[in-house]
Amino acid sequence: MNPDDLAELIDPSHTAVLTMEMQRGVVGDSAAFPALRAAVEESGLLESVGMVCRAARAAGAPVVHCTVGFRPDRLGSVANCSLLTAAEKLNAGTLDTGSEGTELVAELGLFDSDVVVARSHGLTPFTSTDLDQILRNMGIATIVAVGSSINVGIIGMVLSAVDLGYRVVVPADSVVGVPPDYGRVVMGNTIALLATIVSVKDLVKSWG
């Protein structure tokens, strides 16, 4: 993409970074899915997402963390698909609200200027949460989607954002899928049709 076009697209006055489930119990030291944790370590996801967040804050673009956490009794949540059923068994309380597993990974930091939008149901961050209204109230037109994972969370975030009228940017080296080869196929054949694909380097350079 032409640098001037990218600069307009991600102008901090109308752009927010959305991190997807960058939590200790999902991608960090308490991660329940070994394959996802391995892919995160191999790709350097924690460091690259941390870099995006730092660059956004420095440029004046808000950082919004989309997180997940459940009541211990799971009231208000439902395991209505195989992924949620497996996650409930593997997490075994790791993602209970207030637990260490729900904390953001240290590489991101949590600044007073950041916004956290937590959900206790479903698989994607826009559905039946305050996320869309919060972004509109901040004057956001473009979102930068980063985090885990391409398989469900990122693709769900991107699809919902496009449906709601946002422009979407995805730094290819700040998202991960399982297995990694599958993630690359989805990026090339689905997400590339919905979002502008850039590198973390180009994103940081444009904001810098």
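The values are calculated or read from the model by the stated rules, or taken from the named source; none is laboratory data. This structure is a prediction, so every number in the text was calculated from the model and none was measured. Every residue, glycine among them, receives a Cβ derived from its backbone with ideal geometry; neighbour counts consider all protein chains shown.
Scanning segment 68-96 for residues that are free of Cβ contacts under 8 Å to residues at least 24 places away in the same chain, under 26 Å from Glu41 (Cα atoms) and surrounded by fewer than 17 Cβ atoms within 10 Å (Cβ to Cβ) yields a total of 5.
Every condition in (1) among the charged types (D, E, K, R); (2) surrounded by fewer than 20 Cβ atoms within 10 Å (Cβ to Cβ); (3) modelled with pLDDT of 95 or more; (4) under 18 Å from the mean Cα position of the chain (by Cα) is met by Glu21 except one, and the failing one is (2).
To keep it simple, each residue is scored yes or no on (1) part of a loop (DSSP other than H, G, I, E, B); (2) on the phi < 0 side of the Ramachandran plot; (3) without any contact (Cβ under 8 Å) to a residue 24 or more places away in the chain.
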{"site": "Gly98", "(1), (2), (3)": "yes, no, no"}
{"site": "Gly101", "(1), (2), (3)": "no, yes, no"}
{"site": "Leu108", "(1), (2), (3)": "yes, yes, no"}
{"site": "Asp112", "(1), (2), (3)": "yes, yes, yes"}
{"site": "Val116", "(1), (2), (3)": "no, yes, no"}
{"site": "His121", "(1), (2), (3)": "yes, yes, no"}
{"site": "Phe126", "(1), (2), (3)": "yes, yes, no"}
{"site": "Arg136", "(1), (2), (3)": "no, yes, yes"}
{"site": "Gly139", "(1), (2), (3)": "yes, no, no"}
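Just wondering, is there one or more residues in segment 72-81 that are over 22 Å from Val146 (Cβ atoms), touching a strand residue (DSSP E or B) at 6+ places or on another chain (Cβ under 6 Å) and not in a strand (DSSP E or B)? Scanning segment 72-81, I find at least one residue that is over 22 Å from Val146 (Cβ atoms), touching a strand residue (DSSP E or B) at 6+ places or on another chain (Cβ under 6 Å) and not in a strand (DSSP E or B), so the answer is yes.
For residues that are farther than 22 Å from Asp96 by Cβ, part of a helix (DSSP H, G or I) and out of contact with any strand residue (DSSP E or B) (no Cβ under 7 Å at 6 or more places or on another chain), tally how many sit in segment 31-46. Lay out the reasoning, then the answer.
Taking segment 31-46 and keeping what is farther than 22 Å from Asp96 by Cβ, we get 35, 38-39, 41-46.
Remaining after also requiring part of a helix (DSSP H, G or I): 35, 38-39, 41-43, 45-46.
When the remaining residues are screened for being out of contact with any strand residue (DSSP E or B) (no Cβ under 7 Å at 6 or more places or on another chain), the result is 35, 38, 41-42, 46.
Residues in segment 31-46 being farther than 22 Å from Asp96 by Cβ, part of a helix (DSSP H, G or I) and out of contact with any strand residue (DSSP E or B) (no Cβ under 7 Å at 6 or more places or on another chain): 5 in total.
In summary, Ala31 fulfils each of the numbered conditions (1) in contact (Cβ under 8 Å) with a residue 60 or more places away in the chain; (2) closer than 23 Å to Asp181 by Cα; (3) surrounded by 20 or more Cβ atoms within 10 Å (Cβ to Cβ) with the single exception of condition (1). Screening segment 103-116 for residues that are farther than 16 Å from Ala56 by Cβ and either of a type in the set (A, V, I, L, M, F, W, C) or surrounded by fewer than 13 Cβ atoms within 10 Å (Cβ to Cβ) (or both) and picking the one that is farthest from the chain's Cα centre (by Cα) gives Ala106. For segment 185-204, how many residues meet the condition of being in a helix (DSSP H, G or I), out of contact with any Leu (no Cβ under 8 Å at 6 or more places or on another chain), surrounded by 14 or more Cβ atoms within 10 Å (Cβ to Cβ) and free of Cβ contacts under 8 Å to residues at least 60 places away in the same chain? The qualifying residues number 4.
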